[in-house]
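Taking it in order: structure first as structure tokens, then the write-up.
The values are calculated or read from the model by the stated rules, or taken from the named source; none is laboratory data. Please read all numbers here as calculations on a predicted model, not as lab measurements. Methodologically, a virtual Cβ is constructed for each residue, glycine included, from the backbone with ideal geometry; neighbour enumeration extends over all protein chains shown.
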Amino acid sequence: MIDENINAGSAPRLKKGNRRRKRIIIPLVLLVLAVALVAVYWHMFLRGYVSTDDAYIDGDAMTVSAKMMGRLEALNAEEGDSIIAGWLLVQLDDSDLKAQRAQAEAGLEYVTQSVPLARIALDRARDDFDRAAFQYKNKVIPLEEYDHARKALDMAKAQYELAISHVNASKAQLDVIETQLGNTRVTAQRPGIVARKWVVPGDVVQPGQPILTLYDLGDLWVTAYIEETKLGSVRLGDPVRLKVDAHRDREFKGTVELIGAATASKFSLIPPNNASGNFTKVTQRIPIRISIGDIPPGSPGEPLRLLPGMSVEVKIRVKGS
């Protein structure tokens, strides 16, 4: 009877002990698994990588502008249009220049006709001088008449050269007007897509004022800003994994092809000046340029498009890690 009572009392105590051990072991096992998973994730996805989400797709912005002031007569492109090199994009009003060209052509014709007349006068003055020289040598005429003939020849030469210079000046003026007429037509220097239209027909544009902004979508790259504390391990040629926010289901590959020569803050509107010594130290970022490798195809009927300004997440595989 005593043994039975002892066994009956020990059974609940054993069950309680087992429950205590389970409450301790299970959390420990879960903790170990979590640490192991974090270690595996760090080793596979973080160790040997320099990453940042301060990156975007970049490209050369081609600003179309006129070299002269004028009223915009025609704009042959709209936002989203694909442009080929040589396409006439802008036509300025050229009516005034055409009138000036007609005036310059008439002036050129006038001065051109004066050249033969000046040539005839020169030939006559030379004949008169030769005759006067012969007569003066034979003492037929006095020195005064000989001097008059010589000065008349000099004057005829000067008038002939002046007529030729008038012709050259008129041709140069006409060339200037033709150049200005050519400047009223602005063509695309490179292919691209119109990203922004800044003016509309009828506006008066100034020299250098933006009219259109184009991007060549075939020549894009990624600009990323890396913290200076991480830049020491980045080298040219390092492979890069790219994630574009607009295409989260796809991964792009790239290569580090350029490391900036100065921090991004040096190009701000008001660069920082730490000469006083009273400043807050902030980790600076260095721009790097990453080429984009082969772009994977999009879904059927919807080609994959990368556009300047799209946000990108960058993971640089550091060599030797």
_Subset tally (residues that are under 19 Å from Met69 (Cα atoms) and of a type in the set (A, V, I, L, M, F, W, C)) for segment 189-229_ = 7
*Unmet criterion (only one of (1) at pLDDT 90 or above; (2) under 14 Å from Lys315 (Cα atoms)) for Leu231*: (1)
*Leu108 closer than 30 Å to Glu79 by Cα, under 60 Å from the mean Cα position of the chain (by Cα), crowded, with 17+ Cβ neighbours inside 10 Å and in contact (Cβ under 8 Å) with a residue 40 or more places away in the chain*: no
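Regarding Val200, is this residue surrounded by fewer than 12 Cβ atoms within 10 Å (Cβ to Cβ) and outside the structural domain of Ser265 (by TED's automatic domain parsing)?
Working: surrounded by fewer than 12 Cβ atoms within 10 Å (Cβ to Cβ): yes; outside the structural domain of Ser265 (by TED's automatic domain parsing): yes.
Against the criterion (surrounded by fewer than 12 Cβ atoms within 10 Å (Cβ to Cβ) and outside the structural domain of Ser265 (by TED's automatic domain parsing)), Val200 qualifies.
What number of residues within segment 165-191 are among the aliphatic types (A, V, I, L, M), within 14 Å of Ser114 (Cβ to Cβ) and surrounded by 16 or more Cβ atoms within 10 Å (Cβ to Cβ)?
Residues that pass the stated criteria total 1.
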*Which pairs do you get when a residue that is β-branched (Val, Ile, Thr), found in segment 145-174, comes within reach of a residue that is surrounded by fewer than 16 Cβ atoms within 10 Å (Cβ to Cβ), reach meaning Cβ atoms under 6 angstrom, with the pair 6+ apart or on two chains?*
Val167/Thr112
_Pairs with Cβ under 7 Å, 6+ apart, first in segment 23-52 and surrounded by 10 or more Cβ atoms within 10 Å (Cβ to Cβ), second at pLDDT 70 or above and assigned to a helix (DSSP H, G or I)_ = Val50/Ser233
*Residues of segment 231-245 satisfying the condition of being basic (Lys, Arg) and crowded, with 17+ Cβ neighbours inside 10 Å*: Lys243
*Where residues in segment 148-164 are surrounded by 14 or more Cβ atoms within 10 Å (Cβ to Cβ) and among the basic types (Lys, Arg), which of them is modelled with the highest pLDDT?*
Lys157
*Taking segment 220-230 as the search range and keeping residues that are more than 20 Å from the chain's Cα centre (by Cα) and part of a strand (DSSP E or B), which one is surrounded by the most Cβ atoms within 10 Å (Cβ to Cβ)?*
Ile226
_One residue is enough: does segment 208-217 have a residue meeting the conditions in the same structural domain as Arg305 (by TED's automatic domain parsing), assigned to a helix (DSSP H, G or I) and more than 30 Å from Ala104 (Cα to Cα)?_
no
*Filter segment 309-320 for residues that are modelled with pLDDT under 90 and in a loop (DSSP other than H, G, I, E, B); which is surrounded by the most Cβ atoms within 10 Å (Cβ to Cβ)?*
Val318
*Sole exception among (1) at pLDDT below 85; (2) not in a loop (DSSP other than H, G, I, E, B) for Arg305, by number*: (2)
_Can you go through Gly59, Gly86 and tell me which one is under 30 Å from Pro308 (Cβ atoms) and loosely packed, with under 13 Cβ neighbours inside 10 Å?_
Gly86
*asked:* Just the residues that are closer than 30 Å to Val222 by Cβ and in a strand (DSSP E or B), please, taken from segment 60-103.
replied: Asp60, Ala61, Met62, Thr63, Val64, Ser65, Ser82, Ile83, Leu89
